[in-house]
1. When DSSP assigns beta bridges and you keep just the ones with both residues in the range 31-144, what percent turn out antiparallel, to the nearest 5?
2. Quick one: what does P(r) look like for the range 31-109 with 5 Å bins over all Cα pairs, in whole %?
3. Which FRET efficiency value, to the nearest 0.05, do you get for S139 and E113 by plugging their Cβ-Cβ distance into 1/(1 + (r/R0)^6) with R0 = 22 Å?
4. Let me check I've understood the local charge: for V97, count other residues with C-beta under 9 angstrom from its C-beta, Lys and Arg +1, Asp and Glu -1. What total comes out?
Amino acid sequence: MDWREVVEHPSLKNLPFKIETNKWGKIMMTPPSILHGVYQSFICSTLARLIKGGKIVTECSVQTSEGVRVADVAWGSEAFIKKHGIRILKFLESPEVVVEIESPSNTAAELEEKRHLYFEVGAREFWLCNEEGNMRFFSPQGELERSGLFGEFPKHIEIDVP
């Protein structure tokens, strides 16, 4: 299926899963946990305090060479948003920052592949949040001590989880 068919298919609307496609157009689904959503909200609200423009996008669809990947959080600069708009089904290039929140169903190889795919289509940074709230930041050249674009972003997300 192409992405438009996936987005417009009546039986795929309102599913409690994150939907992506692989390079053959097959649908892949991953159910997110509540903790995943809490980390996603924290990342968005923290970015909102740090940004000086552009847009934060959750569940951001990006066309890659291996199909459509959906970043948990992404940030695109004003220039990026002006170039691509927001009334579209997917970005054909990656926003500058792409964030993935690790789930129990993710493998290290899968997350590594996503990182490379986003960089291949223009991401400047890839952030990874693990299940303990530890953040890792990457540029196309490798791992960073902190984000080069949002250096104040914390390296650990402290969530009071009973």
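Just so you know, all these numbers are worked out from the coordinates, no wet-lab data involved. Note that the structure is predicted; figures quoted are calculated from it, not measured. Cβ coordinates were reconstructed from backbone atoms using ideal geometry, including for glycine residues, and neighbour counts include every protein chain displayed.
1. That works out to approximately 75 percent antiparallel.
2. Histogramming the range 31-109 at 5 Å steps yields 3, 14, 25, 24, 19, 11, 4, 0 percent.
3. Approximately 0.80, to the nearest 0.05.
4. With Lys, Arg at +1 and Asp, Glu at -1, the net is -1.
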